[in-house]
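Okay, so here's the structure we're looking at.
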Amino acid sequence: MVRKDGKPFDPQKFGNTHSDRGRLVKKLAKLPNLTVCLEATGVYHFDLAIALHDAGVALMVVNPKASHNFAKVLMKNSKTDAVDANNLAEYAARMDFVPWTRPSGDKIALRSFDRRTCAPEGIDALTRQKAAAKNHLHALSTTSETPKAVLKDARLAISQLEKRIVRLSAEAMALIGQTPGLTRVFTLLTGIKGIAETSAIALMGELLLLPPGLSHREWVKLAGLDPKAFDSGKSVHKKARVSKAGNRHIRSALYMPALSAKQHDPHVKAYFEHLPANGKLPLQAVCAVMRKLLHAIHGMLKNDKPFDNSRFYVIPAVMIPP
């Protein structure tokens with residue numbers, strides 16, 4: 001949908017293929033003073049965003065939740081491709097322009113290893129599949145009625161997943177080893193107890209693609225780990241929850257490191273254990289650890305300094321009675 005002076009042109013459709021993206025970019029690049037607004041739709045907007053940026057087109061990419069809420073404000077109840085396109089054009093016309101920052105090629109490649117662009121089987125997805133397969137094997141093993149052939153097949157599935165994870169991780173590590181900047185980031189991340197190779201690759205694939213110059217609070221918001229309050233008047237006061245309005249891949253990459261760090265790092269463990277005393281449920285406490293880890297990672301990468309667990313949380317001194 002293209003609009004000029006508030007008047008829309010007839011909408012046109014283009015396939016999300018290399019040739020159609022090329023035709024679209026060529027057409028848009030000829031229009032003067034054009035601003036393009038895209039909705040971030042997983043991996044499907046990414047190639048078009050790269051092509052538009054490289055063609056010199058002014059581009060902004062918006063969070064789907066922001067565009068969805070914007071449509072609500074406009075009282076648009078229908079949802080079709082044409083309506084959605086017009087809503088995005090209206091968004092671009094009314095909202096402040098925030099240019100999209102193009103990531104470098106090595107950072108894009110690194111995220112591809114974790115997400116495996118254009119297929120849902122990157123390291124992150126394979127790791128979750130392996131966990132599910134292990135749970136399934138455990139369930140099968142609890143009964144003597146399960147045929148040995150079924151157990152053998154379940155173990156084979158786990159073994160195959162492990163081999164694929166090892167292969168993709170090795171390729172990702174080879175890419176990291178070629179770039180001193182990526183090597184340094186990997187070293188900093190793995191200096192945190194709980195962040196091993198797979199988690200570091202996942203975090204690098206997501207965090208290094210965030211726009212530069214963001215604050216730690218903006219990182220938290222983009223990860224969907226910011227608290228969402230729900231108060232209305234004097235009678236409605238619900239407990240705050242994490243918004244989950246941001247990048248689920250960042251939350252996924254932080255979850256296992258948070259669980260591990262609270263077990264093996266004394267300062268993270270002390271921070272986690274003090275939260276239930278303040279009324280936090282166990283899962284809320286884990287989310288709090290994830291959020292604080294993200295704060296720490298932001299500071300580490302910004303200042304190029306290793307993780308200092310004493311700054312993560314100061315363990316209270318034990319008072320010994322006389």
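For the range 254-269, the candidate set comprises residues that are open to solvent by less than 40 Å² (accessible area, probe 1.4 Å) and assigned to a helix (DSSP H, G or I); within that set, the residue that is farthest from A200 (Cα to Cα) is H267. Count of the range 183-199 residues, restricted to those that are part of a helix (DSSP H, G or I), at pLDDT below 95 and either of a type outside the set (D, E) or at positive phi (or both), is 2.
For the structure I just gave you, tell me whether L74 is under 26 Å from S19 (Cβ atoms) and of a type in the set (A, V, I, L, M, F, W, C). Taking the combined requirement at face value, the residue does not satisfy it. Among the candidates L110, L126, L88, L52, the residue that is of a type in the set (A, V, I, L, M), part of a helix (DSSP H, G or I), in contact (Cβ under 8 Å) with a residue 24 or more places away in the chain and open to solvent by 30 Å² or more (accessible area, probe 1.4 Å) is uniquely L88. When the range 167-203 is limited to residues that are among the charged types (D, E, K, R) and closer than 18 Å to K107 by Cβ, the one that is surrounded by the most Cβ atoms within 10 Å (Cβ to Cβ) turns out to be E197.
Checked across the range 288-299, the condition of being within 24 Å of S252 (Cα to Cα) and either touching a Lys or Arg at 6+ places or on another chain (Cβ under 6 Å) or open to solvent by 80 Å² or more (accessible area, probe 1.4 Å) (or both) holds for at least one residue. Kindly evaluate R116 against the criterion of being charged (D, E, K, R) and at pLDDT 90 or above. For R116, the condition - charged (D, E, K, R) and at pLDDT 90 or above - is not met. In the range 72-82, what residues are touching a helix residue (DSSP H, G or I) at 6+ places or on another chain (Cβ under 8 Å) and modelled with pLDDT of 85 or more? L74, the sole residue that qualifies.
Residue pairs whose Cβ atoms lie under 7 Å apart, sitting 6 or more positions apart in sequence or on different chains, and linking a residue in the range 304-317 that is closer than 14 Å to L188 by Cβ and in contact (Cβ under 8 Å) with a residue 40 or more places away in the chain to a partner that is assigned to a loop (DSSP other than H, G, I, E, B) and of a type outside the set (G, A, S), are F307/I192; N309/D265. Any residue at all in the range 239-255 that is more than 24 Å from the chain's Cα centre (by Cα) and at pLDDT below 95? Checked against the condition, which is being more than 24 Å from the chain's Cα centre (by Cα) and at pLDDT below 95, the range 239-255 yields at least one hit. Scan the range 70-85 for residues that are surrounded by 13 or more Cβ atoms within 10 Å (Cβ to Cβ) and in contact (Cβ under 8 Å) with a residue 40 or more places away in the chain and the total you get is 3. Candidates N309, N278: the one that is polar (S, T, N, Q), surrounded by fewer than 17 Cβ atoms within 10 Å (Cβ to Cβ) and farther than 26 Å from R111 by Cβ is N278. When T41 is tested against (1) open to solvent by less than 60 Å² (accessible area, probe 1.4 Å); (2) among the hydroxyl-bearing types (S, T, Y); (3) over 19 Å from R21 (Cα atoms), only condition (3) is not met.
The values are calculated or read from the model by the stated rules, or taken from the named source; none is laboratory data. Since this is a predicted model, take the numbers as computed values, not measurements. Glycine also receives a Cβ, built like all others from the backbone with ideal geometry; neighbour counts cover every protein chain displayed. For accessibility, only protein heavy atoms count, side chains too; no ligands or nucleic acids. Shrake-Rupley method; radii C 1.70, N 1.55, O 1.52, S 1.80 Å.
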